[in-house]
1. Which of the three applies to region 32-81, rounded, prolate or oblate, going by the alpha-carbon gyration tensor with a ≥ b ≥ c and a/c under 1.5 meaning rounded?
2. For the chain, calculate the relative contact order in percent as a whole number, restricting contacts to Cα pairs under 8 Å that are 6 or more residues apart.
3. Show me 26-37, 41-52 ranked by packing, highest mean number of other Cβ atoms within 10 Å first.
4. Select from the chain the helices, each a whole stretch of DSSP H, whose alpha-carbon atoms run 20 Å or more along the helix axis and whose Kyte-Doolittle mean is at least 0.0; answer none if there are none.
5. Going by the alpha-carbon gyration tensor, a ≥ b ≥ c the square roots of its eigenvalues, is the chain rounded (a/c under 1.5) or, if a/c is not under 1.5, prolate (a/b greater than b/c) versus oblate?
6. Tell me, LEU178, LEU80 in order of fewest to most beta-carbon neighbours within 10 Å?
7. How many angstrom lie between the C-alpha centres of region 190-223 and region 76-125?
8. Could you work out the Rg to Rh ratio of region 109-280, with Rh taken as the Kirkwood radius (inverse of the mean 1/r over all Cα pairs)?
Amino acid sequence: MGEIEATRSGKTHKTENFPVASKLVRAEHRPLIMAFYAFARCADDIADDPALEADEKVRRLDLMEAGLDGKAEGREAQALRAALKTRDMSARHARDLLIAFRADATKLRYADWWELMGYCAYSANPVGRFVLDVHGEDEASWPASDAICSALQIINHLQDCGDDCVQLDRVYLPQDRLAAYGASTESLGAARASPALRATLVELTERTRGLLRQGRTLAGDVRDRRLKLELQVIYALAEAHIDRLMVMDPLGGRTKLPRWRMAQVALGAAVGGFLYGTPGSARVSEARP
């Protein structure tokens, strides 16, 4: 079982940018979502472990997948397998996540936005799809969920671009956009963003806001009332993170929202959703550019 372990990052669901199975989610769903999160957290820690070589990371991630089939030991894989069995659910979304974590172990650069979106299809989108499946929502809601989840992933990439480069030699910022502004990968190691890098980050942040807004119908589309509120909180937090990225330098300042501000935004979104409901998907769709 120890072979599947990695150096733990210390991150938990309480330190994430966005809520994971918060109290808004029905109590009967939270254990399953938390089992999925623990599995993903362990796999992420393996992929980001600076003490492991790429082939060893892949080997351990393969063991995690084998654990989903009961063919290898590992606390997180066994717990998720057992939790999925209680609902007669497949491990398809967990397997998709492992594709992304294997890529993290071996792929250090992304040529353009669309290559990055291909990565997000496995690193982020399965999370939203899993939560929707747990709630019994229709797969027709997946495209909006995918847009939001990909946007959340890129927000994290933009916030952590300096650390990812310096600590892991991993750069998610598309190489063609860096080149378009005359920025370089090396500039991500500086104490402050150069004007060229800052221009790149602003463009990518604006594009991420557009991606996020492609999913703004999601809260209106789902049936579960409490999930609607959770989604409204996540959406509001994403907008707030993007607003901060537009004015803050991720190399020279803290672009992540302070905890008090996250609580403020979350409370406002939850109360607003409770009092006024969620926007209907038809009305929001008409507002799309």
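1. Oblate, since a/c reaches 1.5 and b/c is not below a/b.
2. Across the chain, relative contact order equals 17 percent.
3. Working: 26-37: 17.2, 41-52: 18.9.
Listed from highest to lowest mean packing, they are 41-52, 26-37.
4. Numbers: long enough: 30-47 (25 Å, 0.72); 54-68 (22 Å, -0.41); 92-106 (22 Å, -0.15); 142-159 (25 Å, 0.43); 195-214 (29 Å, -0.29); 225-247 (34 Å, 0.34); 259-276 (25 Å, 0.67).
Span-like helices in the chain: 30-47, 142-159, 225-247, 259-276.
5. Working: a/c = 1.73, a/b = 1.03, b/c = 1.68.
It comes out oblate by the Cα gyration axes.
6. Values: LEU178 22, LEU80 26.
Fewest-to-most Cβ neighbours within 10 Å comes out as LEU178, LEU80.
7. When both Cα centres are located, 22 Å separates them.
8. Rounded to two decimals, Rg over Rh is 1.00.
Read-outs throughout are calculated quantities, based only on the coordinates presented, and are distinct from any laboratory measurement. It should be emphasised that the depicted structure is a prediction, and the values quoted were computed from it without experimental measurement. Note that we place each Cβ from the backbone using ideal geometry, even for glycine, and neighbour counts take in every protein chain shown.
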